[in-house]
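The values are calculated or read from the model by the stated rules, or taken from the named source; none is laboratory data. These figures come from a predicted structure and were not determined experimentally. Backbone-built Cβ (ideal geometry, glycine too); neighbour counts: all protein chains shown. Only protein heavy atoms, including side chains, enter the accessible area calculation; ligands, DNA and RNA are left aside. Shrake-Rupley method; radii C 1.70, N 1.55, O 1.52, S 1.80 Å.
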Amino acid sequence: MTDVTVRIGSGVADFDRAQWDACAGDANPFISWDFLAALERSGSVGEGTGWQPLPIVIDGPDGRIAAAAPAYGKSHSQGEYVFDHSWADAWERAGGRYYPKIQIAAPFSPVPGPRLLLRDPAQAPALIAGIEMLVDRNRLSSAHATFIDPDQVAMFEAAGWLIREDSQFHWTNRGYGGFADFLADLSSEKRKNIRKERARAVEGLDIVHLTGGDISEAHWDIFWDFYQDTGARKWGQPYLTRDFFSILGETMADRVLLILALRDGQPIAGALNLIGGDTLYGRYWGCTQDVPNLHFELCYYQAIDAAIARGLHKVEAGAQGGHKLARGYAPEPTYSAHYLPNAGFRRAVADFLAAEREGVQQDRLWLKSRTPFRKGGEGSGGAQLP
């Protein structure tokens, strides 16, 4: 490998927006300069959050960024969705110091996508070596690249990183012309259940989809209330600041889809999605009135409606949630990669991952056998059925 210069910034704002995005591409909004900068500008990452931005770049012969990685110094393991608390406990019981560590990720976003942002794919080994150098020179315990694009697994494996596997529920558009076509691919019982569930969820409500300039600061005020309520119940303290949503609206409004449920003209619940190149990403939801099944309607069914209308291939509705299975979201593998320079620690984690992987794969096979699709009907694009 020829000599390269690795640069580490204090935030993506240290780097040219166009050059960063030339590496990131436009398919996945969560690794775009605008999204990462919104986290920084809003104080959602940075001082006092345990997420210290340390973006890493490598310049090409033309002086422009050839490769980049959204890296963070972490003083805890919150907001990652790939749980390594047991690793931290074991390392510290052995007398080591697990934190700080390096995290290569889209913060607070369990969304698969590139973690090595490559305008020049030949720079992948150098970029990984740069991450390892950051760990080694600072005598850190580890580096972790979470929710990596499946196409990048081999790049990390070639560098000797350990690969961890998990599952997430995604919905796939199989050429449907509308929601009824999707229902036609399901068993009769599941089809009827979903129709009833949707009808009950929206009774007395209006559902609106907002994007671009249709989203106002008043809408963000309302959604902030929803987000705070859900965040307080799930995490104890919301990860994002109020300013983040305003900045998102300023810089990425055309990639935002806000779905609101209105009662007598007043929003009572909402779901925030980001629009990718071929995927709709469901991220946050909240409500001020408890309506049975409204969560499923706004986060899953309305997302399917929106994806079909936009010709998108997939809906990714976030981490966890076995209840997604009955609603047509099937388990798909997700991956993370882990650099552990201590040989003994690495062996122990490798043994753990091998056992864990077998269980994850068996569970995924079982879940796939429980999907609501008709036998022989999955993937047909379905004729409309009663």
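Descriptive notes on the structure:
- Residue match in segment 325-340 (condition: under 27 Å from Phe244 (Cβ atoms), free of Cβ contacts under 8 Å to residues at least 40 places away in the same chain, open to solvent by less than 50 Å² (accessible area, probe 1.4 Å) and within 21 Å of the chain's Cα centre (by Cα)): no
- Looking across segment 10-48, the residues that are assigned to a loop (DSSP other than H, G, I, E, B), touching a residue at least 60 places away in the same chain (Cβ under 8 Å) and open to solvent by less than 40 Å² (accessible area, probe 1.4 Å) come down to Gly25, Asn28, Ser32, Ser42, Gly43, Ser44, Val45.
- When Leu186, Leu205 are checked against the criterion of being more than 25 Å from Thr371 (Cβ to Cβ) and open to solvent by less than 30 Å² (accessible area, probe 1.4 Å), a single residue qualifies: Leu205.
- Matching residues, segment 53-72, being closer than 13 Å to Ala105 by Cβ and under 19 Å from the mean Cα position of the chain (by Cα): Pro53, Pro55, Ala69, Pro70, Ala71, Tyr72
- Search result, residues across segment 281-322 that are under 17 Å from Tyr176 (Cβ atoms), in contact (Cβ under 8 Å) with a residue 12 or more places away in the chain, part of a helix (DSSP H, G or I) and open to solvent by 40 Å² or more (accessible area, probe 1.4 Å): Asp305, Arg310
- Within segment 137-151, restricting attention to residues that are over 17 Å from Ile56 (Cα atoms) and under 20 Å from the mean Cα position of the chain (by Cα), the residue that is least open to solvent (accessible area, probe 1.4 Å) is Phe147.
- Within segment 231-276, the set of residues being surrounded by fewer than 17 Cβ atoms within 10 Å (Cβ to Cβ), in contact with a helix residue (DSSP H, G or I) (Cβ under 8 Å, 6 or more places away or on another chain) and modelled with pLDDT under 95 comprises Gln237 only.
- Test: Leu54 is touching a Cys at 6+ places or on another chain (Cβ under 9 Å) and at negative phi: no
- Filtering Pro61, Pro107, Pro125 for residues that are part of a loop (DSSP other than H, G, I, E, B), open to solvent by 10 Å² or more (accessible area, probe 1.4 Å) and not hydroxyl-bearing (Ser, Thr, Tyr) leaves a single hit, Pro61.
- For segment 57-76, the set of residues classified as closer than 14 Å to Ser142 by Cα and free of Cβ contacts under 8 Å to residues at least 24 places away in the same chain is empty.
- Options Phe226, Phe169, Phe156; residue that is out of contact with any helix residue (DSSP H, G or I) (no Cβ under 9 Å at 6 or more places or on another chain), of a type in the set (Phe, Trp, Tyr) and either in a helix (DSSP H, G or I) or buried (at least 18 other Cβ atoms within 10 Å of the Cβ) (or both): Phe226
- The listed residues are Ala126, Ala105, Ala184, Ala154, and the only one of them that is under 24 Å from His76 (Cβ atoms) and of a type in the set (Gly, Ala, Ser) turns out to be Ala105.
- Qualifying residue in segment 314-333 (condition: of a type in the set (S, T, N, Q), modelled with pLDDT of 95 or more and closer than 25 Å to Ala71 by Cα): no
- Asp84 over 19 Å from Leu116 (Cα atoms) and open to solvent by less than 10 Å² (accessible area, probe 1.4 Å): yes
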